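Handing you this structure, nothing more for now.
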2 protein chains.
Amino acid sequence: MKVIVVGGGAAGMSAASRVRKLVPQAEIKVFEESSYVSYAPCGIPYYIENLVNDINSLVTYTPEFFKNERNIDVHIKTKVLKVDLSAKQLTTVSEEGEKIEDFDYLILSTGAVPFVPDRKWLEVNHVYALRHLEDGDALKNDLKNLNNIAVIGGGYVGVEMAEALSKIGKNVTIFEMRRVMPNLDPEYSQIIKQEMQKRSIKVFEGFTVKAIENTGEKVRIIGDSEQPIFDAAVLGLGVRPNVELAKSIGLKLGETGAIWVDETMRTSNEYVYAAGDNIEVNDLVIKGRKRYAPFAPEANKEGYVAGSNVGNQNVRFPGSAGSAITKFYDLEIGVVGITEEEAKRYGIETFPVKIKHNARASYYPPQEEVYMKIVFDKKRKVPLGAQVIGKNVWGRLAYISLAIENNITVDRMFFSGVPYAPPFAPVWDSLIIASRIFYERV
Amino acid sequence: MKVIVVGGGAAGMSAASRVRKLVPQAEIKVFEESSYVSYAPCGIPYYIENLVNDINSLVTYTPEFFKNERNIDVHIKTKVLKVDLSAKQLTTVSEEGEKIEDFDYLILSTGAVPFVPDRKWLEVNHVYALRHLEDGDALKNDLKNLNNIAVIGGGYVGVEMAEALSKIGKNVTIFEMRRVMPNLDPEYSQIIKQEMQKRSIKVFEGFTVKAIENTGEKVRIIGDSEQPIFDAAVLGLGVRPNVELAKSIGLKLGETGAIWVDETMRTSNEYVYAAGDNIEVNDLVIKGRKRYAPFAPEANKEGYVAGSNVGNQNVRFPGSAGSAITKFYDLEIGVVGITEEEAKRYGIETFPVKIKHNARASYYPPQEEVYMKIVFDKKRKVPLGAQVIGKNVWGRLAYISLAIENNITVDRMFFSGVPYAPPFAPVWDSLIIASRIFYERV
């Protein structure tokens, strides 16, 4: 059996490894555009920040490891030009020229691409969009002698890059069309903005970048009225599924614009599977809806599922509730599920609870806080989504995510054994208080 | 309606407050032996450690607060001597002498008492068992001029007191009959022991204390062969439910020796409720079994449930899986549910998974680890118990506790959205890896 994997990121290498484990005699080839496979692009901000000094630390395994330890044939700097589905052949191009490859099964793990409103922005000197590790490397090199940096976009990447750049002493300005972390309520977004200002980051909200141009060696950010000038700009405007190849071979795209797959990760063609930031999966919050969840844990597991099924197991990926976390300095930021507004659009009556509470026992120093909003489904009495910011967010988000995914009702949440000790949580943890508020109204 | 609450700790004050909220016209009296109500005895180690300087910080609300804000009549330093159930009367004693009080409903929240093998030990000078805040105060005062301290018992209290005493520069020696944190596997217990030794704490395991005596101003710990001498000793041998009063009035005790209650917290007498460290509740792991869970979150919620039902609501406490956490310096220690051995005793076939993994992304400093053992039910495919030690334990324990309590199967755990970002967790978090190991064997 010949298996070809297109894209050597988390999903691709996870799929390839799983096929290898299940089908010892399979011939497995991976084609990857960049110079790295099995890499962690989410580590780039920490490389910029110098928390990670060697970019190779962001690589879990090398092509040599995959060749020697897993008998997986990895071809880096190799692009797949076209696929002939009826012939089960594809054409690759690398420094060595074009080549034709046969396959029995194809796994597309082409990932996502940074959203850029205008491709021309990428031709501007000192302007960066971060996708591959090479992009991180190029940015880090360029930054050495530059000081005034614009970050375009105030979402996850924007927040992480702002922190990294600020930590290495750069003057940072963030431009965001709506508000910082626009997937949060305005009140929580405001807390993050204030934290940014405390760290001397300039924040422009409601600022739509119309164009980016060079002016000499500088970069000019063109808005509606202002046109400030910087030494460099980093784009963090979110990502889009990379579906070019899938489209070119006529695979079905889904309602989110990403590749449609069933729960086995099979696309509309029975010999083609897909996994990672290029697909959409079941939404675990609103049944029947699909969700685009371009997160590393999902990608790894989707790859696992695709590889398992190519390996003739029957493994199904239930879907995602979109649990995601980041931080800005000491302020942790977590989101999962849907907002009140989204719920309304689906005709779901909600009961939102918003609280602010101690992150640990009130008497245990330091005194830090957690802000939590949980949106409950008033009828089904289950959580639909949450925003958690402040301290000790990770565990609280993991707990709420599990509750959302498994339709755990509010009474079970209120009476659940959230562990307690003064250094970790108050006796009445925010999770319990938030549940209690809804519980008493049910 | 007259409601009397015996014991003003977490459960008692939670119950009293709930009755007040639901029954505005109720006459509510609370009788408390010590000088404090609504106190956090679990904060005593941090008071000893000087993290908390004022013992009043460990008091959530004062008797005055309850009087003025909640119209609850709190009598401190008042003991309940006897109860006449048929007359619905009880006799209290305080500095002002004996008094007879009437009630319609009685709520017993008499808490737990430190286990002491021989009451005579408590008469030895410089020997302390910690129950009320006064005990913490007395110990702290006494410690000022003392240096060599024995801690008897290596469970939660022993570990926390050892940390506190070590942090204020005392020479600490722990004596434990079995091994440090005996509810953990030997391998994990060993890690804690090593951490203690690193902090210059002497650890005697397999040491049964036969007696404790004064020798001049010193304290002699008498074992099988050795009889070391200290300046003071702190007992941390676990707790027992305080059921003296319940027994004296003929209430049914349960299989664990604690007061039997139904899910509404009603005892065997329809006018008497009980809540807190003196009762047993449903075990959420082995159905039909009862569990003694003397933890503050349970006590608070049991009080809430008792008060709700006295207030004529129909609220039921589902039970506890025994989720508990502590720490020794930077080593966090969490336990929930049952062990392999316990499962065997109930004829349950288990699949234990034991792993060691990074607490966060491997490249994100500092490099710290989490050790995790999850015991799964092989047939029902749900987790039954877990031990988690190392870093970022709280959230992982909250997650596993919720999974145990709600019978979440291993496939749902494996595919769950445990949130990921390099500073918080690896992409393949220990929770996911542990689940995966069992998932692949199912």
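The values are calculated or read from the model by the stated rules, or taken from the named source; none is laboratory data. Since this is a predicted model, take the numbers as computed values, not measurements. Positions of Cβ are generated from backbone atoms using ideal geometry, with glycine treated the same way; all protein chains shown enter the neighbour counts. These accessible areas exclude ligands, DNA and RNA; they are computed on the full protein's heavy atoms, side chains included. Shrake-Rupley method; radii C 1.70, N 1.55, O 1.52, S 1.80 Å.
Please give the net charge around A:K373, taking every other residue with its beta carbon less than 14 angstrom from that of A:K373, where Lys and Arg add +1 and Asp and Glu add -1. Intermediate values should be presented prior to the final figure.
On the way: positive: A:K354, A:K356, A:R396; negative: A:D185, A:E187, A:E340, A:E341, A:E342, A:E369.
Summing Lys/Arg as +1 and Asp/Glu as -1 gives -3.
Another question, if that's okay. Label-point separation (nm) for B:I433 and A:K2, each offset 7 Å from Cα along Cα-to-Cβ?
Computed distance between label sites B:I433 and A:K2 equals 3.6 nm.
If I take R0 = 51 Å and measure r between the Cβ atoms of B:I76 and B:Q197 in this structure, what FRET efficiency does the formula 1/(1 + (r/R0)^6) give, to the nearest 0.05?
On the way: r = 42 Å, r/R0 = 0.83.
E(calc), rounded to 0.05, equals 0.75.
Another question, then. Taking the solvent-accessible surface of protein heavy atoms with a 1.4 Å probe, what is the per residue accessible area of segment B:1-87 in Å²? If you can, show how the numbers build up before the last one.
Working: 3620 Å² over 87 residues.
In whole numbers, segment B:1-87 has 42 Å² accessible per residue.
Keeping every protein chain in place, order B:M177, A:M265 by accessible area at 1.4 Å, biggest value first, i.e. largest first. All intermediate terms of the calculation are to be shown ahead of the outcome.
Numbers: B:M177 120, A:M265 5 Å².
Sorted by accessible area, descending: B:M177, A:M265.
Computed on alpha carbon atoms, what radius of gyration and Dmax characterise chain B, expressed in Å?
Spelled out, the Cα radius of gyration and Dmax of chain B are 23.0, 70 Å.
Something else about it: Hey, which of these cross-link pairs are over 23 Å Cα-Cα: A:K77/A:K327; A:K193/A:K391; A:K140/A:K218; A:K2/A:K77; A:K198/B:K167? All intermediate terms of the calculation are to be shown ahead of the outcome.
Numbers: A:K77/A:K327 33 Å; A:K193/A:K391 16 Å; A:K140/A:K218 17 Å; A:K2/A:K77 21 Å; A:K198/B:K167 34 Å.
A:K77/A:K327; A:K198/B:K167, as the Cα separations exceed 23 Å there.
Cut-off 10 angstrom, C-alpha nodes, Gaussian network model of chain B. Which of B:G385, B:G250, B:G155 fluctuates the most?
B:G250
Please list the non-local residues whose amide H lies under 5 Å from the amide H of A:F351, H modeled 1.01 Å from N, same-chain partners needing a gap of 5 or more.
A:F376, A:D377, A:K378
Taking a label point 7 Å out from Cα toward Cβ, give me the nm distances from B:P365 to the same spot in the other copies, shortest first, one decimal.
Sorted ascending, the copy-to-copy spacings read 2.6 nm.
Which chain A residue hugs the A-B rotation axis most tightly by its Cβ, and what is that distance in angstrom, to the nearest whole number?
Measuring from each Cβ to the axis, the minimum is at A:G395, 1.
As a test of reading the structure, rank B:L245, B:L122 by solvent-accessible area (1.4 Å probe, protein chains only), most first. Intermediate results must be reported in sequence, preceding the final value.
Values: B:L245 25, B:L122 70 Å².
So the residues, ranked largest to smallest area, are B:L122, B:L245.
Rg/Rh for segment A:32-175: what does it come to with C-alpha atoms and Rh from Kirkwood?
Working: Rg = 18.1 Å, Rh = 17.4 Å.
That ratio is 1.04, to two decimals.
Pull up the cross-link candidates among the lysines for B:K247, meaning alpha carbon to alpha carbon under 20 Å and not fewer than 8 places away within one chain.
B:K79, B:K82, B:K88, B:K290
Here's a follow-up. Within the P(r) computed for segment A:116-237, what percentage of the Cα pairs occupies the region above 22 Å?
28
In the neighborhood of A:N125, defined by Cβ-to-Cβ distances under 11 Å, what is the net charge if each Lys or Arg adds +1 and each Asp or Glu adds -1? Please report the intermediate quantities before stating the final value.
Working: positive: A:K218; negative: A:E123, A:D142, A:E213, A:E217, A:D231.
Within the 11 Å Cβ shell, the charges total -4.
Okay, next question. Would you kindly derive the ³J(HN,Hα) couplings of segment A:218-227 from the backbone phi angles with the Karplus curve 6.51 cos²θ - 1.76 cosθ + 1.60 (θ = phi - 60°), listing them in order in whole Hz, with x for Gly and Pro?
So the J values, rounded to whole Hz, are 9, 10, 9, 9, 9, x, 5, 10, 8, 9.
Among A:L81, A:L139, A:L130, determine the one that fluctuates most according to a GNM of chain A built with springs between C-alpha atoms less than 10 Å apart.
Of the options given, A:L81 has the highest mean-square fluctuation.
Just the accessible area for B:D135, please: 1.4 Å probe, Å², rounded to the nearest 10?
Number for this one is 40 Å².
Let me ask you something else. Quick one: buried accessible area between A and B, total over both chains, 1.4 angstrom probe, nearest 100 Å²? List each step's numbers first, then the result.
Values: alone 19880 and 19860 Å², together 34080 Å².
That pair hides around 5700 Å² of surface in total.
So, one more: Express in Å², to the nearest 10, the accessible area of A:R178 obtained by rolling a 1.4 Å probe over the protein heavy atoms while all chains stay in place.
Using a 1.4 Å probe on the heavy atoms, I get roughly 130 Å².
Next question. Dividing the alpha-carbon Rg of the protein assembly as shown by 2.2 N^0.38 Å yields what?
Numbers: Rg = 30.3 Å, N = 884, 2.2 N^0.38 = 29.0 Å.
So the Cα radius of gyration is 1.04 times the expected 2.2 N^0.38 Å.
Counting helices only, and only those DSSP H runs with n ≥ 4, report the 222 nm mean residue ellipticity of the protein assembly as shown as the sum of -39,500 (n - 2.57) divided by its residues, in deg cm²/dmol to the nearest 500. It would help to have the intermediate numbers written out before the result.
Values: 24 runs with 232 residues, N = 884.
Counting only the DSSP helices, I get -7500 deg cm²/dmol.
Here is a further query. Normalised by the number of residues in chain A, what is the relative contact order in percent for Cα pairs under 8 Å and 6+ residues apart? Please list the in-between numbers first.
Working: 1013 pairs, mean separation 57.4, N = 442.
It rounds to 13 percent for chain A.
Tell me, what is the percent relative contact order of segment B:323-434, built from C-alpha pairs under 8 Å that lie six or more residues apart?
Details: 235 pairs, mean separation 33.1, N = 112.
After rounding, I find 30 percent.
Additional query: For segment B:384-394, take each phi angle, set θ = phi - 60°, evaluate the Karplus expression 6.51 cos²θ - 1.76 cosθ + 1.60, and give the result in whole Hz per residue in order, putting x for glycine and proline.
10, x, 7, 10, 9, 10, x, 10, 6, 7, 3
Then there's this: Between B:N145 and B:D84, how many nm apart are label points set 7 Å from Cα along the C-beta direction?
5.1
List the distances, in nm to one decimal, from the label point of B:T264 to the label points of the same position in every other copy, shortest first, placing each label point 7 Å from Cα along the Cα-to-Cβ direction.
The answer, with the shortest distance listed first, is 5.3 nm.
Using a 1.4 angstrom probe on protein heavy atoms only, which residues from segment B:385-411 are buried by at least 30 Å² of accessible area when all chains are present rather than their own chain alone?
At a threshold of 30 Å² (probe 1.4 Å), the residues of segment B:385-411 that become less exposed are B:W394, B:G395, B:A398, B:Y399, B:L402, B:E405, B:N406, B:I408.
May I ask you to give the solvent-accessible area per residue for segment B:155-263, in square angstrom, as obtained with a 1.4 angstrom probe? Don't skip to the answer; put the middle values down first.
On the way: 4860 Å² over 109 residues.
I get 45 Å² per residue for segment B:155-263.
Moving to a separate point now. Sorted by accessible area with a 1.4 angstrom probe, largest first, how do A:S35, B:S225 fall?
Working: A:S35 35, B:S225 105 Å².
Of A:S35, B:S225, the descending order of accessible area is B:S225, A:S35.
Once label points are set 7 Å from the Cα along Cα→Cβ at both A:N53 and A:T91, what is their separation, rounded to one decimal in nm?
Taking the two extended label points, one gets 4.7 nm.
Which net charge results for the neighbourhood of A:F31, defined as the other residues with beta-carbon distances under 9 angstrom from its beta-carbon, given Lys and Arg at +1 and Asp and Glu at -1?
Working: positive: A:K29, A:K79; negative: A:E32, A:E33, A:E101.
Net of charged neighbours comes to -1.
If you roll a 1.4 Å probe over chain B with all protein chains in place, what percent of the accessible area is carbon or sulfur? Present the calculation step by step, with values, prior to reporting the outcome.
Numbers: 7670 of 17040 Å².
Looking at chain B in its full context, I get 45 percent from C and S.
If the label for A:G206 sits 7 angstrom from Cα along the Cα-to-Cβ line, what are its distances to the same label in every other copy, in nm to one decimal, shortest first?
Shortest to longest, the spacings are 7.4 nm.
Additional query: When the chain is fully extended, how far beyond the present Cα-Cα distance does A:F115 get from A:T208, taking 0.36 nm per residue of separation? Intermediate values should be presented prior to the final figure.
Working: separation 93, 0.36 × 93 = 33.48 nm, distance 1.45 nm.
Gain on stretching A:F115 to A:T208: 32.0 nm.
Accessible area per residue, 1.4 Å probe, Å², for segment B:324-441: what's the number? Kindly include the intermediate steps, with their values, before the conclusion.
Numbers: 3700 Å² over 118 residues.
Result: 31 Å² per residue.
Compute the FRET efficiency between B:E341 and B:R441 as 1/(1 + (r/R0)^6), taking r as their Cβ-Cβ distance and R0 = 35 Å, and round to the nearest 0.05. Let's see the in-between values first.
On the way: r = 21 Å, r/R0 = 0.60.
Between B:E341 and B:R441 the formula returns 0.95.
Right, another one. How high is the FRET efficiency between B:A138 and B:E369 when r is their beta carbon distance and R₀ equals 41 Å, given to the nearest 0.05?
Computed FRET efficiency for B:A138 and B:E369: 0.55.
Continuing with the same structure: Select from segment A:279-322 all residues whose loss of accessible area on going from the chain by itself to the full protein assembly reaches 40 Å² or more (probe 1.4 Å).
A:P297, A:N300, A:K301, A:Y304, A:P318
Relative contact order (percent) for segment A:104-262, with alpha-carbon contacts under 8 angstrom and 6 or more residues of separation? Write down the numbers at each step before the final one.
Details: 276 pairs, mean separation 47.0, N = 159.
Computed over segment A:104-262, the figure is 30 percent.
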